[in-house]
Amino acid sequence: MRVDRHWSEKRLEEMTERDWRIFREDFNISCKGSKIPRPMRSWAESKLTSELLKAVERVGYKKPSPIQMAAIPLGLQQWDVIGIAETGSGKTCAFVLPMLTYISRLPPMSEENEAEGPYAVVMAPTREFAQQIEDETVKFAPYLGIKVVSIVGGQSVEEQGFRIRQGCEVVIATPGRLLDCLERRYAVLNQCNYVVLDEADKMIDMGFEPQVVGVLDAMPSSNLKPENEDEELDAKKIYRTTYMFSATMPPAVERLARKYLRNPVVVTIGTAGKATDLISQHVIMTKESEKSSRLHRLLDELGDKTAIVFVNTKKNADMVAKNLDKNGYRVTTLHGGKSQEQREISLEGFRTKRYNDLVATDVAGRGIDIPDVAHVINYDMPGNIEMYTHRIGRTGRAGKTGVATTFLTLGDTDVFYDLMQMLIQSNSSVPPELAKHEASKFKPGTIPDRPPRRNDTVFAH
Ligand code: ADP
Ligand code: MG
């Protein structure tokens with residue numbers, strides 16, 4: 001097999017389809033949508049204006065975070081976006097930069113147009129969130145001469161209305177207060193075509209759906225993109241762009257998205273709000289010698305459904321596959337010892353259900369579009385939790401539920417701690433042998449001076 005260079009050693013023009021897939025995998029980026037622009041690998045390769053790039057440099061963001069890599073190119077082309085990524089992943093900047101870019105193309109605010117209201121509105125559930133968004137926005141906005149006003153509870157509505165009418169391009173608001181302002185005619189949104197709903201699930205949880213809807217309905221609807229995605233967009237026309245960020249997608253959030261977003265691209269980073277919700281995770285403590293019979297039992301229960309069986313080595317892949325084949329299962333393999341062409345053939349057989357079961361190593365899965373399956377089985381537990389997340393992400397895609405079963409042995413103690421945290425966080429049951437084990441209590445190699453926090457590794461890339 002030809003060993004290819006990693007994408008990071010290639011120039012942009014050299015990137016192949018496979019490089020892009022590996023790139024997305026490396027940053028845990030998943031995008032749902034057709035004909036969408038590629039993510040940006042770096043700030044330098046983004047299509048941001050030189051003014052904004054300078055601002056980014058002054059702010060000190062060396063590299064875009066994964067959500068920024070994926071969402072900024074979409075925002076710059078005015079796609080509607082649903083972003084799902086965990087707290088602390090840099091979502092604010094991911095919508096602020098495209099928003100400022102959009103505004104910088106419009107005529108500056110002047111006496112002529114300021115009475116028509118702001119060009120963009122950002123809604124967030126609480127004052128504190130609104131404050132954080134304002135802090136992030138004013139890092140960049142002044143470089144472009146863009147003014148920001150925040151409209152939140154606790155200050156006088158008259159005063160806030162006055163500040164809007166004095167001319168500002170961006171309003172950052174809590175939905176209740178903004179609607180109040182609009183209803184009392186202190187503010188209008190006649191030229192607002194850029195909308196961000198941040199923390200959408202929280203806004204709904206807090207009961208703000210009617211207010212959010214009220215604000216959205218106060219904007220000119222003539223600028224909504226056509227419902228039919230095949231319809232040509234008019235290059236000269238300004239369309240409303242709507243960004244929605246949420247940690248999860250409960251039905252009320254979906255309802256909002258269906259009504260106000262047009263063919264949105266769904267960007268998910270990592271497994272935030274996905275794996276943990278849609279994949280039911282089972283861990284079975286076992287011995288090496290019992291794995292084979294346990295696997296047979298699992299596959300028998302699955303009947304006609306497909307499964308991917310992950311193992312850690314090429315040798316194991318061949319051994320497990322041979323054993324299954326001998327026992328009458330329709331099985332194929334995918335590992336690094338096979339050529340790209342052989343791998344495509346295996347996959348094709350699996351996709352068309354000629355084979356029910358695919359035995360695979362991690363190496364083989366890199367950069368290959370493995371179809372969605374009902375069941376992922378970790379015959380061997382991988383050596384780190386990122387790979388575990390990656391593997392189980394092969395199921396539970398596109399809103400369908402999935403099941404992941406992992407065979408765990410006392411040889412896997414290095415990952416006991418992380419695995420247990422993962423199971424706890426996703427409300428999965430933890431086998432007593434795992435819960436009680438010494439290795440589950442501390443992360444290997446760390447001095448337990450403070451408990452790890454969820455955001456510890458977000459910018460590790
Ligand atoms: P989220 O909305 O996803 O919870 P924020 O947008 O509030 O996250 O960002 C979290 C922190 O990360 C902020 O302090 C922000 O300034 C910082 N940050 C955002 N993007 C970058 C980046 N590319 N590089 C370094 N720090 C960043
Ligand atoms: Mg945020």
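The values are calculated or read from the model by the stated rules, or taken from the named source; none is laboratory data. Everything numeric in this text was worked out from a predicted model, so none of it was measured. So basically every Cβ, Gly included, is an ideal-geometry build from the backbone, and we count neighbours across all protein chains shown. Just so you know, the surface numbers come from the protein's heavy atoms only, side chains and all, with ligands and any DNA or RNA stripped out. Shrake-Rupley method; radii C 1.70, N 1.55, O 1.52, S 1.80 Å.
Things to note:
- Enumeration of residues in the stretch 77-113 that are surrounded by fewer than 19 Cβ atoms within 10 Å (Cβ to Cβ) and small (Gly, Ala, Ser): Gly88, Ser104, Ser110
- Within the stretch 165-219, the set of residues being away from ligand 2 (no atom under 16 Å from the Cβ), of a type in the set (S, T, N, Q) and modelled with pLDDT of 90 or more comprises Asn190, Gln191, Asn193, Gln211.
- Among the residues of the stretch 209-227, those that are open to solvent by less than 80 Å² (accessible area, probe 1.4 Å) and within 25 Å of the chain's Cα centre (by Cα) comprise Glu209, Val212, Val213, Leu216, Leu224, Lys225.
- Filter pass, Pro64 being away from ligand 1 (no atom under 16 Å from the Cβ), assigned to a loop (DSSP other than H, G, I, E, B) and either modelled with pLDDT of 90 or more or surrounded by 24 or more Cβ atoms within 10 Å (Cβ to Cβ) (or both): no
- Sole exception among (1) within 15 Å of ligand 2 (Cβ to nearest atom); (2) open to solvent by 10 Å² or more (accessible area, probe 1.4 Å); (3) closer than 30 Å to Ser50 by Cβ for Phe129, by number: (3)
- Flag if Arg262 is within 28 Å of the chain's Cα centre (by Cα) and part of a loop (DSSP other than H, G, I, E, B): yes
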